[in-house]
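Just so it is clear, none of the values below were taken in a lab; they were calculated from the coordinates. As the structure is a prediction and not an experimental result, all values here were calculated from the model. Reconstructed Cβ throughout: ideal geometry from the backbone, glycine too, with neighbour counts over all protein chains shown.
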Amino acid sequence: MQIVTDSPAQTEDLGRRVARQLRGGEVLALFGGMGMGKTAFTRGLAAGLGISSGISSPTFSIVNEYHGRLTVYHFDMFRVESWEDLESTGFFDYLDTDAVLVIEWSENISGALPPDAITIELSAGKTEQERIFRIEGLEL
């Protein structure tokens, strides 16, 4: 499915819509370059799960943890370059939880993603604010 948003606010609204479909245990694999709206989408998703503040890209911490209707582990895999790097994050342990995993820069760990991961590809649209979302594995 393809969805186009025209602003960061609409990107957050899309995240809220996705959150309504989540039951726990999902892996959301976000693909897309710098500035494509991955964190805005995650902010909306967290808001849709009752998490109202503190959402930021875990660039330096690798993973942030948020608690709402469901627990969310928000990963940033930008600096992950090897299996050893990935293992050192504890990523594989998080897969065995009922939490929602949101993974920015999933292209860096595509070989480690579970086969049932929900993939969300973000790309630039026709205007500076427009974003195109291609979502597989989830119906809205």
Highest to lowest packing among 3-14, 69-80, 109-120, scored as the average C-beta count within 10 Å: 69-80, 3-14, 109-120
Between Asp93 and Asp6, with labels modelled 7 Å along Cα→Cβ, what's the label distance in nm to one decimal, could you check? 4.6 nm
Would you work out the relative contact order for the chain, in percent, from Cα pairs under 8 angstrom that are 6 or more residues apart? 36 percent
Subtract the Cα-Cα distance of Glu81 and Arg134 from 0.36 nm times their separation in residues, and report this length gain in nm to one decimal. 16.6 nm
For the chain, what is the percent of antiparallel DSSP beta bridges, rounded to the nearest 5? 55 percent
